[in-house]
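Presented below is the structure to which this report refers.
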Amino acid sequence: MLICNRCNTPIRDGARFCDACGDPVTAGDLVRNRAVAGSESVLLVCPQCEHEALQTIPSHGVGQLTCPACATAFHTTVVRVRSKRSTGQKKLNARTFSVRVESLNGQEQLIDFVRPSYGDFELRSKDLAAFTSVNGRLSIVQNLSVGQYMNLKLATGGCAGALLLWLGAAGAAGAFLF
């Protein structure tokens, strides 16, 4: 079943665009990629082996999970994107991201991190996203609505140590340790 991830209108079979708002049909329109009441299964990428597998996320959107392929334990938080800003630094081959999100229980937060690559990543308003960490270090940012992810590891295989700052609704800064 498909439901538009922009206006929540059911999409008829075979349609390429939502009849109500004109938004293109994407993986985000699949009901199985939506986090709603109760636990929900979403397709997540392992931060170690990059194997994609359906994982069950509780209704609040935070889960301690294990990869079925390599048995790596990781922590994932699923959120709804409100806005994203990114700034690239060519000389440093890095990009800084600021992503305003809403947790599945309705709290707004700001996530800041640095990616060791100049390339940008698509995160649009209302997209469902997953932030995955291993041992408190952000490793994978995944746009569940379009089925894409970015790995925050260096090309040489070492961990980039992506800086991540989580600002809660009160605006107090703290480490975002999943």
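Anything in segment 4-18 that is surrounded by fewer than 16 Cβ atoms within 10 Å (Cβ to Cβ) and within 18 Å of L144 (Cα to Cα)? List them, or say none. The answer is C7, N8. Exactly one residue among T77, T87, T96 is hydroxyl-bearing (S, T, Y) and closer than 18 Å to I57 by Cβ, and that residue is T77. Taking segment 69-178 and the strands (runs of 3 or more DSSP E) fully enclosed by it, the elements with 2 or more residues that are surrounded by fewer than 20 Cβ atoms within 10 Å (Cβ to Cβ), hydroxyl-bearing (S, T, Y) and at pLDDT 90 or above are at 73-89, 94-103. So which residues in segment 1-28 are farther than 21 Å from L123 by Cα and touching a Pro at 6+ places or on another chain (Cβ under 6 Å), if there are any at all? Passing the criteria: none in range.
The values are calculated or read from the model by the stated rules, or taken from the named source; none is laboratory data. Quantities reported herein were computed from a predicted structural model and do not represent experimental measurements. Here the Cβ is made from the backbone with ideal geometry for all residues, glycine too, and neighbour counts use every protein chain on show.
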